[in-house]
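The values are calculated or read from the model by the stated rules, or taken from the named source; none is laboratory data. This structure is a prediction, so every number in the text was calculated from the model and none was measured. As a convention, Cβ positions derive from the backbone with ideal geometry for all residues, glycine included, and neighbour counts pool all protein chains shown. Only protein heavy atoms, including side chains, enter the accessible area calculation; ligands, DNA and RNA are left aside. Shrake-Rupley method; radii C 1.70, N 1.55, O 1.52, S 1.80 Å.
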Amino acid sequence: MSIQKPKGTQDLLPGEVEKWQYLETKARDLCQRFNYKEIRSPIFESTELFSRGVGETTDIVEKEMYTFLDKGDRSMTLRPEGTAGVVRAYVENKLYGIPDLTKLFYVGPMFRYEQPQAGRYRQFHQFGIEAFGSVDPSIDAEVIALGYTFYKEIGLKEVTVEVNSVGTPAVRTAYREQLQAFFAPVKDQLCKDCQSRYDRNPMRILDCKIDQKFGVGAPDILEFLDEECRTHFALVQEHLTAMEIPFRINPRLVRGLDYYTHTAFEFKAAGIGAIDTIGGGGRYNGLVEQIGGHGTDQPGVGLGLGLERILLVLQAQGVEIPKPEPLDVYLIGLGEAAEKEVTKLLHQLRVQGLKAEKDYQGRKMKAQMKSADRFQATYVAILGDDELARGEITLKKMETGNQITVSLVDLASQAAKTLFE
């Protein structure tokens, strides 16, 4: 039996991988405009990082992490999300000592052991940003605006932004007591996971897809916000309105991670069935010190956008991703001496910046012309031994069939795409 790819993974083949490259290029371009710098952290970290940073009561830590012992008998985990690793790198490299705001972005694979379904894989990919060093509500709004702008610029339609405030630990302590009192009469009817969450983190019950009916009428956290939280949340909304970022308040939005404080948000888009969340994030004041220890604390805010889900929504909405530029020139050598010259010309054209190719299988000219057509080459350059003796080459424009004869010196020095101008 042949070896197959692991369940919940995918092979990104030529013809498909260009779509990913397009999204990644868009992400990098947008981050450059917003002044975010790229960071590349390891895809595996100490397990303690995620249990401490993501939260032991989350589904990620309880059920979904790929954890293993390395040869030194240390517990390691493939990263299930991006923020914890970036925070660890921020602390370890003492970026908190930099006077300016630290604004970082990443693009890469994450790993969660989940049941695969549309837009959900065990190895999936995220584009994320993190900003450290400011409690200003305008940076919360900037992070949301960057995500919304990314969706808009790649052509997604009808993306909605949902925002909420999850307060501070003190606010959540009071809210927790009220939630426990509310769910107490139905505790025995909750699913097994939510019965566990009742004591440890009852806010997570509001996020459960199974027990949503029991949450009807539950108190909203917005009712428990103190003055600081209310002011912060109001200013975030003001900034979003000023930037003309459409949003709606969802007081039940809690996100699936324990580290959030104040602002939490999600991006929604129809097109992939019941799962309509395509990205989200929030503020996480206190996480840096929690991971790095006393003296390292800095406020932070960030987001993560799932690339698989974005591609599914683009397909469902009929949005065409721009195709890569076609091959500039396909070179054909007819005869042994001509073939040697073509190999040299091919390299010269590539060095000049052209996308160029030739045949490597000893095929006849007709087969090579078909190959040039499959590559969608703009030009075909044909060199026979007789042309070589004259120092000339035939250049044919595939779209029109027009052809001219040019000197080999001109082809090498001017580049094929300029010769018809």
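Residue-by-condition table, conditions (1) over 18 Å from the mean Cα position of the chain (by Cα); (2) crowded, with 21+ Cβ neighbours inside 10 Å; (3) not aliphatic (A, V, I, L, M):
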{"position": "308", "(1), (2), (3)": "no, no, yes"}
{"position": "316", "(1), (2), (3)": "yes, no, no"}
{"position": "324", "(1), (2), (3)": "yes, no, yes"}
{"position": "342", "(1), (2), (3)": "yes, yes, no"}
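In the set (1) small (Gly, Ala, Ser); (2) buried (at least 19 other Cβ atoms within 10 Å of the Cβ); (3) over 19 Å from residue 150 (Cβ atoms), residue 304 fails one condition alone, (3). Only one of the numbered conditions (1) in a loop (DSSP other than H, G, I, E, B); (2) closer than 19 Å to residue 14 by Cβ; (3) touching a residue at least 12 places away in the same chain (Cβ under 8 Å); (4) open to solvent by 30 Å² or more (accessible area, probe 1.4 Å) is not met by residue 353, and that is (2).
Scoring residue 15 on the criteria (1) on the phi > 0 side of the Ramachandran plot; (2) under 18 Å from the mean Cα position of the chain (by Cα); (3) modelled with pLDDT under 95 leaves a single failure, condition (2).
What is the one condition in (1) closer than 18 Å to residue 164 by Cβ; (2) crowded, with 21+ Cβ neighbours inside 10 Å; (3) over 22 Å from the mean Cα position of the chain (by Cα) that residue 228 does not satisfy? The one condition residue 228 does not meet is (2).
Per-residue answers, yes or no, for (1) at negative phi; (2) in contact with a strand residue (DSSP E or B) (Cβ under 8 Å, 6 or more places away or on another chain); (3) touching a residue at least 24 places away in the same chain (Cβ under 8 Å); (4) open to solvent by 70 Å² or more (accessible area, probe 1.4 Å):
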| residue | (1), (2), (3), (4) |
| --- | --- |
| 23 | yes, yes, yes, no |
| 29 | yes, no, no, no |
| 49 | yes, yes, yes, no |
| 66 | yes, yes, yes, yes |
| 69 | yes, yes, no, yes |
| 77 | yes, yes, yes, no |
| 85 | yes, yes, yes, no |
| 88 | yes, yes, yes, no |
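Residues that are within 23 Å of residue 294 (Cα to Cα), open to solvent by 60 Å² or more (accessible area, probe 1.4 Å) and modelled with pLDDT of 90 or more within region 92-118 comprise 92, 93, 94, 101, listed in sequence order.
Per the conditions (1) part of a loop (DSSP other than H, G, I, E, B); (2) more than 17 Å from residue 143 (Cα to Cα); (3) open to solvent by 50 Å² or more (accessible area, probe 1.4 Å), the sole criterion not satisfied by residue 218 is (3). Examine region 326-335 for a residue that is within 19 Å of the chain's Cα centre (by Cα) and surrounded by fewer than 21 Cβ atoms within 10 Å (Cβ to Cβ), and state whether such a residue exists. For region 326-335, residues within 19 Å of the chain's Cα centre (by Cα) and surrounded by fewer than 21 Cβ atoms within 10 Å (Cβ to Cβ): absent. For region 119-209, please list each of the helices (runs of 4 or more DSSP H) lying entirely inside it that holds at least 1 residues being among the β-branched types (Val, Ile, Thr) and open to solvent by less than 30 Å² (accessible area, probe 1.4 Å). In region 119-209, 137-153, 169-183 are the helices (runs of 4 or more DSSP H) which contain 1 or more residues that are among the β-branched types (Val, Ile, Thr) and open to solvent by less than 30 Å² (accessible area, probe 1.4 Å). Annotation: of all residues in region 363-406 being part of a loop (DSSP other than H, G, I, E, B) and over 20 Å from residue 324 (Cα atoms), the one that is most open to solvent (accessible area, probe 1.4 Å) is 364. Here residue 385 passes the criteria (1) of a type in the set (Asp, Glu); (2) over 41 Å from the mean Cα position of the chain (by Cα); (3) under 30 Å from residue 14 (Cα atoms) except the one numbered (3).
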